[in-house]
Amino acid sequence: MPSNPLIFIIDDDKFCHVLLCSILKKLSISNIQSYYSGQACLENIDQEPSLVLLDYEMNGMNGLETLHKIKAIIPDSKVLMISSRKDISLIEEAIKRGADNYLVKNSELPQKLTHYLNRQEALLT
């Protein structure tokens with residue numbers, strides 16, 4: 001990831017925003033923008049974030065619809081789906097539509113997200 005990556009968090013749950021921001025800040029990532037809907041994210045996608053952390057279950061446009069639209073605008077964007085749903089068909093569909101990975105919201109999320117971000121850092125250096 002670039003030295004000061006722009007990370008978008010898209011989730012309609014404020015608690016998840018706080019949790020995800022906390023994880024990112026512990027990794028010295030501070031260039032974070034939070035959105036509470038897919039539409040709000042799409043209105044700002046021209047900023048070309050280094051990574052999008054995208055929830056599946058949101059009011060209005062769901063995560064798969066948002067993912068599809070992000071990829072139509074920026075095909076090589078990195079999108080990590082994060083959802084409380086542990087549904088194999090949903091995970092497969094997210095990957096098929098271009099999600100880089102899929103993490104389940106559970107007690108292991110902080111460790112798994114940290115591992116994912118560290119791995120991205122290693123791949124880009």
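The values are calculated or read from the model by the stated rules, or taken from the named source; none is laboratory data. Just so it is clear, the structure is predicted and the values come from calculations on it, not from any experiment. Cβ: placed from backbone, ideal geometry, glycine included. Neighbour counts: every protein chain shown.
A few points about this structure:
- Some residue of region 9-24 being farther than 20 Å from Leu109 by Cα and β-branched (Val, Ile, Thr): no
- Taking the conditions (1) in a helix (DSSP H, G or I); (2) loosely packed, with under 11 Cβ neighbours inside 10 Å; (3) in contact with an Asp or Glu (Cβ under 9 Å, 6 or more places away or on another chain) in turn, Gln120 satisfies each one other than (2).
- Residue among Ser22, Ser3 that is over 13 Å from the mean Cα position of the chain (by Cα), surrounded by fewer than 16 Cβ atoms within 10 Å (Cβ to Cβ), of a type in the set (Gly, Ala, Ser) and modelled with pLDDT of 90 or more: Ser22
- Residues of region 76-95 classified as farther than 15 Å from Asn62 by Cβ and either surrounded by fewer than 17 Cβ atoms within 10 Å (Cβ to Cβ) or among the small types (Gly, Ala, Ser) (or both), total: 6
- Some residue of region 65-74 being surrounded by 11 or more Cβ atoms within 10 Å (Cβ to Cβ), among the acidic types (Asp, Glu) and modelled with pLDDT under 95: no
- Among the residues listed as Ser37, Ser50, the single one being touching a strand residue (DSSP E or B) at 6+ places or on another chain (Cβ under 9 Å), of a type in the set (Gly, Ala, Ser) and more than 23 Å from Glu121 (Cβ to Cβ): Ser37
- Residue check for Ser89: at pLDDT below 95 and outside any helix (DSSP H, G or I): no
- Of the residues examined, Asp55 is not one that is exposed (fewer than 13 other Cβ atoms within 10 Å of the Cβ) and among the acidic types (Asp, Glu).
- Restricting region 6-19 to residues that are hydrophobic (A, V, I, L, M, F, W, C) and either at pLDDT below 90 or surrounded by fewer than 15 Cβ atoms within 10 Å (Cβ to Cβ) (or both), the residue that is nearest to Ser50 (Cα to Cα) is Val18.
- Residues considered: Ile29, Ile82. Of these, the only one that is touching a residue at least 60 places away in the same chain (Cβ under 8 Å), assigned to a loop (DSSP other than H, G, I, E, B) and among the β-branched types (Val, Ile, Thr) is Ile29.
- Check on Ile70, in contact with a Cys (Cβ under 9 Å, 6 or more places away or on another chain), part of a helix (DSSP H, G or I) and over 17 Å from Asp12 (Cα atoms): yes
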